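Just so it is clear, none of the values below were taken in a lab; they were calculated from the coordinates. Just so you know, these numbers come straight off a predicted model, no measurement behind them. Note that each Cβ is placed from the backbone with ideal geometry, even for glycine, and that neighbours are counted across all protein chains shown.
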Amino acid sequence: MMEHRPHEFDPATLPNKEQQTPKSPRMEKRSLRARSKIPTVDQSVLDKPKCIKILSLNCYLVSDLALSAHERQFCCDKQERAQKIGKFAAQHDVIALQEVWGDSLWPLERELIESHERAFNTYTYSSSLLNVASLWWKGTGGLWLGAQRSVLPILTARRVQFKHSQTRSGKGSSYMLLDAKAMWGEESYLLMIDTHLDPTNEGHSQEIQLRELVQFIGEALREIRSVIGSFNKVAILLCGDFNIDGKFKGQHELITTGLGNGVRDLGLEWATSQNQSLETTYGGN
């Protein structure tokens, strides 16, 4: 995970609009409003901010239609896994999933429907086949974002597909802006960004996608700043399945240098504290 310290953020360090390429037609944006009721703030929250529990997970819920016979041996028990993932995710305030392609979507969402709000409203069918077709058509890139509606209302959300990819899965990135005042106090926000990169850097694919990701984040920050005004109390967290080999630092540096000062690699910090290898840090979530 990558965290940005909000007090050191400067949008001027990101690419300006003249440098941006035209937006992809596969883009969806949700208006800046909260469907959930904004919770009132207790004085105890202002005195002692609460911790927000965040889950980032590659669910590997891939349709059999997209798998070889060999791959189906490993992508099995999807209904049962989806239900267990949903139960585990329900214990968290913020959820950022990857490889949710529609197969076994309902068993997963059934565990979250009462407590969490999805960043993007899509009708969920009881048929996995219909869900797979629906999510592919909407260009979700297999990403699923959500938050606990009682304490972290979603204000706005947007997603985009990468223009360049090795695969036909339509990988991309999504974000949602959460009103965090019930957890951190008045005028506090959490910007949650989820992404999934190509499995390898063949043809510099990951590097190209990371540049698109940095541009996407820059656009998101400019849009959000035009509404909330200041980034003094905004926490920004980038997570996902980066598929980055720990031996290659080029992709990692594209993120840290592209986003400017104040970027911290929380995964690397954790791995260092636990004496874990870089392979574990960059190779997973």
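Of all DSSP beta bridges located in segment 147-284, what percent are antiparallel, nearest 5? Write out the running numbers ahead of the final one.
Numbers: 14 of 22 bridges.
Close to 65 percent.
Distance in nm between label sites at Asn275 and Ala133, each 7 Å beyond Cα in the beta-carbon direction?
Label-label distance for Asn275 and Ala133, simple model: 5.5 nm.
Restricting to DSSP loop positions (anything but H, G, I, E, B) with no more than 16 other Cβ atoms inside 10 Å of their own Cβ, which trypsin sites (Lys or Arg not before Pro) remain in segment 113-171? Please list the in-between numbers first.
Numbers: sites: Arg118, Lys138, Arg149, Arg158, Arg159, Lys163, Arg168, Lys171; in loops: Arg149, Lys163, Arg168, Lys171.
Taking segment 113-171 and a limit of 16 other Cβ atoms within 10 Å, the loop trypsin sites (Lys or Arg not before Pro) found are Lys163, Arg168.
Could you work out the local net charge near Thr195, counting Lys and Arg as +1, Asp and Glu as -1, over the other residues with Cβ closer than 13 Å to its Cβ? Don't skip to the end; give the middle numbers.
Numbers: positive: Arg158, Arg159, Lys171, Arg211; negative: Glu99, Asp194, Asp198, Glu212, Asp241.
Net charge in that neighbourhood comes out at -1.
Give me the distance in nm between label points sitting 7 Å out from Cα along the Cα-to-Cβ direction at Ser150 and Lys84, one decimal.
For Ser150 paired with Lys84, the spin-label model returns 2.7 nm.
Multiply the residue separation of Ile54 and Phe74 by 0.36 nm, subtract the distance between their alpha-carbon atoms, and state the gained length in nm to one decimal.
Working: separation 20, 0.36 × 20 = 7.20 nm, distance 2.65 nm.
Result: 4.6 nm gained on full extension.
Within 10 Å, count the other beta carbons around each residue, average over each peptide in 121-128, 81-88, 63-70, 237-244, and list them highest first.
Values: 121-128: 13.8, 81-88: 18.0, 63-70: 12.1, 237-244: 23.4.
Ranked by mean Cβ neighbours within 10 Å, highest first: 237-244, 81-88, 121-128, 63-70.
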